[in-house]
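The values are calculated or read from the model by the stated rules, or taken from the named source; none is laboratory data. Because the structure is predicted, anything quoted here is derived from the model rather than measured. Glycine also receives a Cβ, built like all others from the backbone with ideal geometry; neighbour counts cover every protein chain displayed.
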Amino acid sequence: MRRISFWLIAMLHVTIIAFCAVGFLATFEPGDSGNMWAWRIGYGVVGSGSLAAIIALLLPRLRVRPKRR
């Protein structure tokens with residue numbers, strides 16, 4: 001059960017990162033540039049937060065444990 005919840009949370013964050021990447025790139029389209037910087041900053045913050053969450057999830061799994069004798 002723990003492994004399933006780990007993968008569900010990780011995939012949720014990957015989906016959020018993909019959504020933020022597409023949204024960030026979409027703000028560079030020509031058009032009304034009134035509040036584009038706010039959207040870019042918002043997408044960047046949320047995407048970076050999800051990336052940090054994935055790194056925090058993976059750090060305990062990447063730790064090298066010494067062999068016991």
Qualifying position, being small (Gly, Ala, Ser) and surrounded by fewer than 15 Cβ atoms within 10 Å (Cβ to Cβ), among Ala38, Ala53: Ala38
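More than 17 Å from the chain's Cα centre (by Cα) and not aromatic (Phe, Trp, Tyr) - does that describe any residue in region 43-60? Write out each step before concluding.
Residues of region 43-60 that are more than 17 Å from the chain's Cα centre (by Cα), as a first pass: 60.
So of that shortlist, the ones also not aromatic (Phe, Trp, Tyr) come out as 60.
Within region 43-60 (the criterion being more than 17 Å from the chain's Cα centre (by Cα) and not aromatic (Phe, Trp, Tyr)), the answer is yes, since at least one residue qualifies.
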Would you mention how many residues in region 1-31 are surrounded by 13 or more Cβ atoms within 10 Å (Cβ to Cβ) and in a loop (DSSP other than H, G, I, E, B)? 1
What pairs come up if the first residue lies in region 16-32 and is within 10 Å of Tyr43 (Cα to Cα) and modelled with pLDDT of 90 or more, the second is β-branched (Val, Ile, Thr) and in a helix (DSSP H, G or I), and their beta carbons are under 8 Å apart, counting only those six or more places apart or on different chains? Ile16/Val46; Ile17/Ile54; Cys20/Val46
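Rundown of residues vs (1) out of contact with any strand residue (DSSP E or B) (no Cβ under 9 Å at 6 or more places or on another chain); (2) assigned to a helix (DSSP H, G or I); (3) surrounded by fewer than 11 Cβ atoms within 10 Å (Cβ to Cβ); (4) of a type in the set (Ser, Thr, Tyr), yes/no style:
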{"position": "Ser33", "(1), (2), (3), (4)": "yes, no, yes, yes"}
{"position": "Tyr43", "(1), (2), (3), (4)": "yes, yes, no, yes"}
{"position": "Pro60", "(1), (2), (3), (4)": "yes, yes, yes, no"}
{"position": "Arg65", "(1), (2), (3), (4)": "yes, no, yes, no"}
Report every pair of residues separated by at least 6 positions or lying on different chains whose Cβ atoms are under 6 Å apart, first residue within region 39-61 and modelled with pLDDT of 95 or more, second in a helix (DSSP H, G or I) and hydroxyl-bearing (Ser, Thr, Tyr). none
